[in-house]
Structures are given as structure tokens and as C-alpha cells.
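The values are calculated or read from the model by the stated rules, or taken from the named source; none is laboratory data. If you're wondering where the values come from, they're calculated on a predicted model, not measured in any experiment. Methodologically, a virtual Cβ is constructed for each residue, glycine included, from the backbone with ideal geometry; neighbour enumeration extends over all protein chains shown.
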């Protein structure tokens, strides 16, 4: 079945450093979503990417969808302590069923 | 954004008893609701897809007789963990999609239910 892997599994950064998490799907995706889950909380929707090669920005966050629509990345510029949490990508191959990636847990050291 | 309310947030039950978890979409109608299970520091594993007025679709390896799902209206889905055992202890989260949105793909998550079976 479809698998969605993320790397790295964990990342510790100093506040102000950049951070990137990569998402790779075993199958071609029709679209991909990114979520953030704070410790003890529930996932919160960040963004959706649909088009091949699409790039979207939200303040310090940059999201990219690969040309082959099998991979995606999330880049955070100048991390802040409020960025702490686990970032999940979630992809679908055309149905409303989304498969979540393995997640990347980010810790930001002040 | 739309609001999904999940209740209870925490429950402790004795082994062998059943527990019902409710997931409500408060300000929109949800054609489809999803139930996930999350172990500590792990990803969300999809258990089943619940469609209003029809039977739920369970993922491979999920026992449908153990995890009963009912989606009786466009705003409510319930998950009942029957004859719970300690290995069923986990964080259960529901999500819902708004039938009124054009893309109809953004998922709104409930707050989750921490189930502990003793």
C-alpha cells in the first residue's frame, strides 16, 4: 500500500537556525497537505499543495511540491521557540483518504 | 476555520468494558469523517473512514467488530471501542471534511481522546 516517509525523524536546532523536513511518497500524489502538532495537541492544518512544482509561502514557512508529485518539503527560516512540534505531511492519490507521513519532531533551543 | 469537537478528551476504563468516543462538526456538515490512532511519538494511523448514512470502511488490520463506527448524521460520528484491553490504550483522533468547501479536502481535527485501559 501507499507509504509516506519523512526525514529527519527528529531535529534539534538553535533558535534562529533554519529547518527543513522532507516528505517522500511511494506513489504519485494528487495533492499533499502539511500539518503541525504541538506536544499534547492535535494536528492543525497548515497548507495544501496541488500543482506539480508548486511553491507556497506562509511568513517564515516555505512549502514545495516536487515536479513528479511524489515528494514535498517544508522549510522554516529563522526558527523560533513557537515552531516546536511535530510536522506531518499527508498525501492522497486521488481519494479523500489521506495517508500521514512518519512526522518530523522539531525542538528549538533558546 | 471550522471546529470539530471530540469528547471525551480523556477516559480511563476497566479492561473488558466498552468506551464510546464522539466526534462532532460544530459549524459545518461533514460528509466524511476519519478515525485515527496515534501511539506516543508516532504518526497518525488511519483506522477507518466513516461516511454519513453508510457503513464505515476499515483499514487493513483494524477489527471492525472491536472498533464500531457509526455516522448517523452529517455532524456526528462515534467510535466505540468494545471489550477494551490494555493494548487498546492510545490517543484516538477524528477528523472531518466540510462538504460545503469547494476543494472539500482540508481536514479539521478534533482534540483527540486519550484512552487508558487498566
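Where residues in the range B:81-115 are facing chain A (nearest Cβ under 10 Å) and on the phi > 0 side of the Ramachandran plot, which of them is modelled with the lowest pLDDT? Checked the range B:81-115; the qualifying residue modelled with the lowest pLDDT is B:104. Screening residue A:28 against (1) over 21 Å from residue B:46 (Cβ atoms); (2) out of contact with any strand residue (DSSP E or B) (no Cβ under 8 Å at 6 or more places or on another chain) leaves a single unmet condition, (1).
Criterion first (surrounded by 15 or more Cβ atoms within 10 Å (Cβ to Cβ), touching a residue at least 12 places away in the same chain (Cβ under 8 Å) and outside any strand (DSSP E or B)) does residue A:62 satisfy it? Against the criterion (surrounded by 15 or more Cβ atoms within 10 Å (Cβ to Cβ), touching a residue at least 12 places away in the same chain (Cβ under 8 Å) and outside any strand (DSSP E or B)), residue A:62 does not qualify. Please tell me if residue B:62 is surrounded by 15 or more Cβ atoms within 10 Å (Cβ to Cβ) and more than 30 Å from residue A:32 (Cβ to Cβ). No. If the condition is being within 18 Å of residue B:45 (Cα to Cα) and assigned to a loop (DSSP other than H, G, I, E, B), then the range A:31-59 contributes A:38, A:39, A:40, A:41, A:42, A:43.
With respect to residue A:62, determine if the residue is at negative phi, within 14 Å of chain B (Cβ to nearest Cβ) and within 12 Å of the chain's Cα centre (by Cα). Criteria not met by residue A:62. When residue A:52 is tested against (1) closer than 21 Å to residue B:106 by Cβ; (2) within 14 Å of the chain's Cα centre (by Cα); (3) more than 14 Å from chain B (Cβ to nearest Cβ), only condition (2) is not met. Within the range B:35-58, the set of residues being within 13 Å of residue B:74 (Cα to Cα) and surrounded by 15 or more Cβ atoms within 10 Å (Cβ to Cβ) comprises B:50, B:51, B:52. Here residue A:41 does not qualify as farther than 21 Å from residue B:109 by Cα, surrounded by fewer than 22 Cβ atoms within 10 Å (Cβ to Cβ) and either more than 11 Å from the chain's Cα centre (by Cα) or modelled with pLDDT under 95 (or both).
Counting only residues that are crowded, with 24+ Cβ neighbours inside 10 Å and under 8 Å from the mean Cα position of the chain (by Cα), the range B:22-34 holds 3 of them.
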